[in-house]
Every structure is written in structure tokens, then in C-alpha cells.
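To start, the structure under review is shown below, and the notes come after it.
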Amino acid sequence: MSLNVELLESSFAQIKERETDFSAHFYTNLFTDYPIIKPLFTNSDMVEQQKKLFKSLVLVVDSLRKSDVLTGALKGLGTRHVKYGVLPEHYPMVGSTLLKVFAICLEEAWTPSVEQAWIEAYGVVAQVMLDGAEYPAEILNPAV
Ligand code: HEM
């Protein structure tokens with residue numbers, strides 16, 4: 001699947017201008033919508049975490065045209081997330097909050113095509129992170 005790089009770049013440029021807004025909303029929404037995730041961050045400095053998440057989103061968007069750089073960075077990020085206690089089932093929760101908060105920040109600039117571009121982009125990001133994660137088969141495939 002080819003991502004809509006231009007739309008991702010132009011919409012994220014607007015999010016970057018609203019970093020404070022994004023950060024204020026992201027974890028509040030995540031923990032309200034998915035309380036199951038909150039305990040993973042018990043020992044985290046949330047101000048630092050907000051900055052790290054935003055920096056990694058900047059890196060992702062800056063690397064959309066350099067897929068080898070992006071794939072390597074995301075696989076490494078996915079590997080580290082196993083140690084944070086993150087499970088594959090948590091990825092759609094974070095994705096849904098991410099898109100919700102982008103919509104809040106972008107207001108009328110959150111058009112159906114921008115939304116579609118981000119649904120596809122998050123799907124790829126999550127899949128590449130999971131490729132780097134090496135979960136045991138029984139976690140990835142509970143029926144087996
Ligand atoms: C697009 C997907 C995601 C991105 C870009 C992302 C980004 C980051 C970054 C940059 C860090 C800082 C540490 C590091 O670089 O290793 C981090 C830590 C963390 N992330 Fe994520 N993450 C994503 C998905 C998730 C998901 C699905 C969860 C599940 C709840 C999650 C939970 C955590 C936790 C618990 C930490 C550790 C916080 C700490 O160090 O105290 N992340 N994430």
C-alpha cells in the first residue's frame with residue numbers, strides 16, 4: 001500500500017503548530033477511553049513521555065520518504081515496547097486515540113481524506129512496530 005505522503009505531511013505540519021494542544025489531549029483521552037492502558041504508565045514521567053511521543057511522530061512523518069530509515073526506527077521502537085508491557089491488542093487503542101486527538105486539533109482541516117491517510121499510516125506504523133516486537137506465538141495467535 002502506498003501512503004498519501006503529501007497529505008500526511010501537510011496535515012502533520014498543522015499538528016506541529018499545535019503541539020501543546022495535542023499533548024494536553026492525548027494521554028487524557030487515552031486513559032479515559034482505555035483505562036486498561038493506564039497502569040503501563042504508572043512509573044512514567046508523563047511530561048517527558050508526551051515530548052518523546054511527539055518527537056517520534058515528527059520522526060515518522062519526516063521519514064515517510066525514507067522507508068528504510070523509517071522501518072528500522074519503528075522496528076526498534078516495537079522491540080522496546082515489549083519491555084514496557086505493551087501487547088498487540090493495545091495498538092488499535094492508541095491508534096484510535098491518536099486519530100481522535102488529531103481530529104480535535106485539526107478541526108475543519110480533519111477531512112475524510114486526511115482521516116483515511118492517517119488510518120492507513122497508523123496501520124503501517126503499528127504493523128512495522130509489531131514486526132520488530134517478536135511476541136511469542138501464543139500472544140499473537142491466542143487460538144493456536
Ligand atoms: C504509533 C505508535 C507508538 C509510538 C510512535 C510510540 C512512541 C513511544 C516513544 C517514543 C516512547 C519512549 C521510549 C522509547 O523510545 O522506547 C514510548 C514509550 C512507551 N510507550 Fe509508546 N508508542 C506507540 C505505541 C504505544 C502503544 C500501543 C502503547 C500501549 C499502551 C505504548 C505504551 C508505551 C509505554 C508504556 C512506554 C514507556 C513509558 C516509560 O518509559 O515510562 N506505546 N512510546
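The values are calculated or read from the model by the stated rules, or taken from the named source; none is laboratory data. Nothing here was measured: the structure is a model prediction, and the numbers come from that model. Glycine also receives a Cβ, built like all others from the backbone with ideal geometry; neighbour counts cover every protein chain displayed.
Descriptive notes on the structure:
Residue by residue, here is whether (1) free of Cβ contacts under 8 Å to residues at least 24 places away in the same chain; (2) among the basic types (Lys, Arg); (3) away from the ligand (no atom under 13 Å from the Cβ) holds:
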site	(1), (2), (3)
68	yes, no, yes
73	yes, no, no
77	no, no, no
81	no, no, no
93	no, no, no
98	no, no, no
105	no, no, yes
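- Sole residue being among the polar types (S, T, N, Q), out of contact with any Phe, Trp or Tyr (no Cβ under 8 Å at 6 or more places or on another chain) and under 19 Å from residue 126 (Cα atoms), chosen from 67, 44, 10: 67
- Residue ranges of helices (runs of 4 or more DSSP H) in the stretch 37-144 with at least 2 members surrounded by fewer than 16 Cβ atoms within 10 Å (Cβ to Cβ) and modelled with pLDDT of 95 or more: 46-62, 67-83, 90-106, 112-131
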